[in-house]
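Structure, as structure tokens:
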Amino acid sequence: MATAKEDKDDVEPDMVYTKELRAATKDVHKLSDVLVNAKFAFALSDDTVWADGLLSFYEIYKFLESNLPEELLPKELHRVKEFEKDFDYFLGENWRDTYEIRPAVKKYLEHLEEVNKKSKILLFAYAYQMYMALMSGGQLLQKKRMMARKLWPDKQENIQEQIDSEKPSNPDDLTTRPMPLQVPICPDGCAATYFPEKISDLKAKLRTILNKHYGKFDEQTKADFIEESRNVFIYNSDVVRSVKGVNRANIRKLAIVVLFFVSIYFAIKIARH
């Protein structure tokens, strides 16, 4: 029977390697988060923006799923069919007829081709970050979107409390970092971020794969893996900048907010007279 210390030792490598990788990508990760938050401030509930955001990353997930073996990317994590289901809903079943890969994505794919020729493990660096993103930030964005569109099953006043509770008191301490509340339903247009399996189990599978290889890296391979892990956020930022319709959606949302406050102002003014 394993002792408490042995159990602790079994768990610690998971966090050790994850924390080491997170520390090495912290600066580019934060810049990417700032860009996403700034760009999508008011646009999350806009179907056109959401669909184009999914479309911009579709080829990246497709490439990873087509080129990584199941031992590095388990089938239950695959998202391409779910992305396509969302595109059918948002863009119509003939969306492929007019679909073109945008320049930022072509540049990204060219780099992934080079990485794939070098090493599947280095390509896994992209899969690790991209699928973790879907199961963390992707859940948070979908919840906010569902809240804005009145799709969330819980009471609206509870959802913001749930979102706030998921913010870590110490972002660098992964051992105390709260697990994002998993999106429990899959209405039309929400397939890409919906996982029927427990996200905590899926994340554990990815971390197990990371542990299996990362701890055996020599110094050069580790440096290369970290470099590609940083490149994920750099290339992702370029793709995010290519998402269409954000400014239009933000302006429209802002105009609604301004109109709301102007209406209140005039209502008060009239009441006083």
If I go through region 205-223 residue by residue, how many of them are touching a residue at least 40 places away in the same chain (Cβ under 8 Å) and either touching a Lys or Arg at 6+ places or on another chain (Cβ under 9 Å) or aliphatic (A, V, I, L, M) (or both)? 4
May I ask you to verify whether LEU73 is over 19 Å from PRO184 (Cβ atoms) and modelled with pLDDT of 95 or more? yes
Take region 78-106 and flag every residue that is closer than 16 Å to LYS62 by Cα and open to solvent by 60 Å² or more (accessible area, probe 1.4 Å). LYS81, LYS85, ARG96, GLU100, LYS106
Considering only residues that are within 15 Å of LEU123 (Cα to Cα) and open to solvent by 40 Å² or more (accessible area, probe 1.4 Å), look in region 213-233 and name the one that is farthest from the chain's Cα centre (by Cα). THR221
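The values are calculated or read from the model by the stated rules, or taken from the named source; none is laboratory data. Worth saying up front: this structure is predicted, and the values here are computed from it rather than measured. Cβ: placed from backbone, ideal geometry, glycine included. Neighbour counts: every protein chain shown. Each accessible area value is taken on the protein alone, full model and side chains, heavy atoms only, with ligands, DNA and RNA left out. Shrake-Rupley method; radii C 1.70, N 1.55, O 1.52, S 1.80 Å.
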